[in-house]
Amino acid sequence: LLGTGTPASNENLNFTQANHFVIGAEKRLGNNWKVKLEAYHQYLFDVPVEAQPSGFSMLNEGANFTFTNKTGLVNKGTGTNTGVEFTLERNLNKGWYLLATGSLFDSKYKGSDGIERNTVFNYGAVGNILGGRELPTGKRKQNAFTIDLRASFIGGRYQTPVNVAASIAAGKEVLDETRYNSEQLDSYFRLDTKFGFRLNSKNKRFSQTFYLDLQNVTNRENIFLRRFNALRGTVGNVYQLGFFPDIMWKVQF
């Protein structure tokens with residue numbers, strides 16, 4: 001039960017609001033290539049934060065697929081997102097395609113204490129490259145072997161460090177809320193390859209494709225977050241999925 005005088009909910013909160021400013025340019029390079037450049041700035045306000053001075057902000061929620069249990073929040077927080085995005089695209093032609101995207105950005109927020117900090121999502125840089133090749137086969141060239149490659153890079157995310165002494169005393173994880181988002185984790189990299197064989201019927205009304213999808217082929221240990229282990233009384237890394245092979249069969253009519 002909540003103590004006397006503690007708000008029982010956040011039912012009086014209003015919507016978070018934002019102003020967006022975007023400028024961009026796009027140009028075709030021949031029949032198959034296209035390049036795009038975009039710069040943006042976003043200012044967020046009326047963000048839910050705690051009534052008493054603290055570094056908590058709803059702008060950080062959802063990064064761990066959980067939500068902090070906070071009540072009595074007020075719409076007095078702010079935040080900014082500023083960055084540039086680049087896209088290079090080649091349409092599928094002569095059996096191959098390419099898509100490359102990159103983003104450099106800065107994501108900050110202020111809680112009710114008025115201190116500007118990094119948001120959980122302030123990765124700094126994100127890059128993706130996706131490409132593929134299609135090789136026709138069969139007497140009528142109606143079938144095809146395919147290979148697709150995808151590489152992804154994301155800068156290290158920020159998180160609030162664990163207060164180890166307080167966690168040991170409480171027997172559960174307690175975050176050091178005097179150091180909101182002061183710890184940056186290692187960056188993320190993943191390389192996927194997918195091999196396929198597509199069989200098309202002679203009347204082109206039916207096709208089936210067999211795929212071998214090899215995810216994270218380098219078996220890189222990408223850290224997701226750092227958590228407190230109550231049994232050991234220490235903080236350890238929680239990693240994302242390692243190397244994972246997947247076999248698929250797709251039928252199209």
What list of ³J(HN,Hα) couplings, whole Hz, do you get for segment 128-133 from phi and the Karplus terms 6.51, -1.76, 1.60, once you set θ to phi - 60° and write x for glycine and proline? 9, 10, 10, x, x, 10
For segment 135-219, which chymotrypsin sites (Phe, Trp or Tyr not before Pro) are in a loop by DSSP, counting at most 16 other Cβ atoms within 10 Å? Phe206
Here the Cα Rg-to-2.2 N^0.38 Å ratio for segment 1-148 is 1.58
Find out how many positive minus negative residues lie around Val174, taking Lys and Arg as positive, Asp and Glu as negative, among other residues whose Cβ is under 14 Å from that of Val174. +1
Return the sequence-ordered ³J(HN,Hα) values of segment 182-199 in whole Hz as given by the Karplus equation 6.51 cos²θ - 1.76 cosθ + 1.60 applied to θ = phi - 60°, using x for Gly and Pro. 9, 10, 9, 8, 5, 6, 10, 9, 8, 10, 10, 10, 9, 10, x, 9, 10, 10
Just Gly83, Gly155, Gly171 to compare: in a GNM of the chain, with alpha carbon springs under 10 Å, which one fluctuates most? Gly171
Determine, from the Cβ-Cβ distance of Phe65 and Val217 and an R0 of 35 Å, the FRET efficiency 1/(1 + (r/R0)^6), rounded to the nearest 0.05. 0.85
Magnitude of the Cβ-charge dipole (Lys and Arg +1, Asp and Glu -1) of segment 1-80 about the Cα centre, nearest 20 debye, reported as 440
Here the relative contact order (percent) of segment 60-219, from C-alpha pairs under 8 Å and at least 6 apart, is 16
Highest-first arrangement of 241-247, 52-58, where packing means the average Cβ count within 10 Å: 52-58, 241-247
Which of Phe65, Ile154, Asn181, positive extreme of dipole for the chain (C-beta unit charges): Ile154
Would you please name the chymotrypsin sites (Phe, Trp or Tyr not before Pro) within segment 65-128 that are DSSP coil residues with at most 10 other C-beta atoms within 10 Å of their C-beta? Phe65, Phe67
Tally Lys/Arg at +1 and Asp/Glu at -1 over every other residue whose Cβ is under 14 Å from the Cβ of Gly62; what's the total? +1
(1) 1, 5, 9, 13, 15, 16, 15, 11, 8, 4, 2, 1, 0, 0; (2) 1, 5, 9, 11, 12, 12, 12, 10, 9, 7, 5, 3, 2, 1, 0, 0, 0; (3) 1, 5, 9, 10, 8, 7, 6, 5, 5, 4, 4, 4, 4, 4, 4, 4, 3, 3, 3, 2, 2, 1, 1, 1, 0, 0, 0: which one is P(r) over Cα pairs in 5 Å bins from 0, in percent as calculated from this entry? (2)
Treating only Lys and Arg (+1) and Asp and Glu (-1) as charged, each at its beta carbon, one finds that segment 98-253 has a dipole about its Cα centre, in Debye to the nearest 20, of 1200
Would you mind getting the Kirkwood hydrodynamic radius of segment 124-187 from its Cα pairs, rounded to one decimal in Å? 16.2
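Coordinate-derived values only; no laboratory data. Everything quoted here is computed from the prediction, not taken from an experiment. Don't worry about glycine lacking a Cβ; one is built from the backbone with ideal geometry, like all the others, and counts go over all protein chains shown.
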